[in-house]
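The structure under discussion appears below in the form of structure tokens.
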């Protein structure tokens, strides 16, 4: 068993962090928090608007603050944004305050799942496949570095993936802290 006060999901866009995370949080009685939604609520602006007004660097600054605040708590399942692992401090904090699960998704799955999505600023380009390929090449080692557990989400629904992940977590993770 690997005890931690929170579960943290990392992985690329379209891996299922939010849809799988909600189901797993319910199974384990955890509060579900989507980091991007938290940032939007705190700032009163959409992620796209934040990117438009302060750029990716400004967004990443807000993301660092949000993760620090959220991970100070306990008994949560935190679905991070795909780029949260880019910051070394974020990776350190995730490892210290959570059991980190890397949800993997292949390029074809990402393209299929994100096909109609028009809200993600980094995908607002014609060459979506190339953007996803470049992000994966850079971020994959960071996801692996921080992960306590990795699970492929290709070829299964969010419900199926949540059942599989729940089974693996029951064997490998234990909630610690006041919420335990």
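The values are calculated or read from the model by the stated rules, or taken from the named source; none is laboratory data. Computed from a prediction, not measured in an experiment: that's the story for all the values here. So basically every Cβ, Gly included, is an ideal-geometry build from the backbone, and we count neighbours across all protein chains shown.
Assorted remarks:
- Whenever a residue of segment 12-31 is on the phi > 0 side of the Ramachandran plot and at pLDDT 95 or above, its partners that are in a strand (DSSP E or B) and surrounded by fewer than 21 Cβ atoms within 10 Å (Cβ to Cβ), lying with C-beta atoms within less than 9 angstrom and at least six residues away or across chains, give the pairs 29/175.
- Hits in segment 69-102 - residues which are part of a loop (DSSP other than H, G, I, E, B), within 23 Å of residue 22 (Cβ to Cβ), out of contact with any strand residue (DSSP E or B) (no Cβ under 9 Å at 6 or more places or on another chain) and modelled with pLDDT of 95 or more: 72
- Exclusive hit being more than 21 Å from residue 171 (Cα to Cα) and either in contact with a helix residue (DSSP H, G or I) (Cβ under 6 Å, 6 or more places away or on another chain) or assigned to a helix (DSSP H, G or I) (or both), set 66, 45: 66
- Looking across segment 125-165, not a single residue is closer than 22 Å to residue 93 by Cβ and at pLDDT below 75.
- Looking across 122, 175, one residue alone is within 16 Å of residue 25 (Cβ to Cβ), at pLDDT below 95, surrounded by 15 or more Cβ atoms within 10 Å (Cβ to Cβ) and out of contact with any strand residue (DSSP E or B) (no Cβ under 7 Å at 6 or more places or on another chain). It is 175.
- Qualifying residue in segment 6-25 (condition: over 27 Å from residue 170 (Cβ atoms), touching a helix residue (DSSP H, G or I) at 6+ places or on another chain (Cβ under 8 Å) and in a helix (DSSP H, G or I)): no
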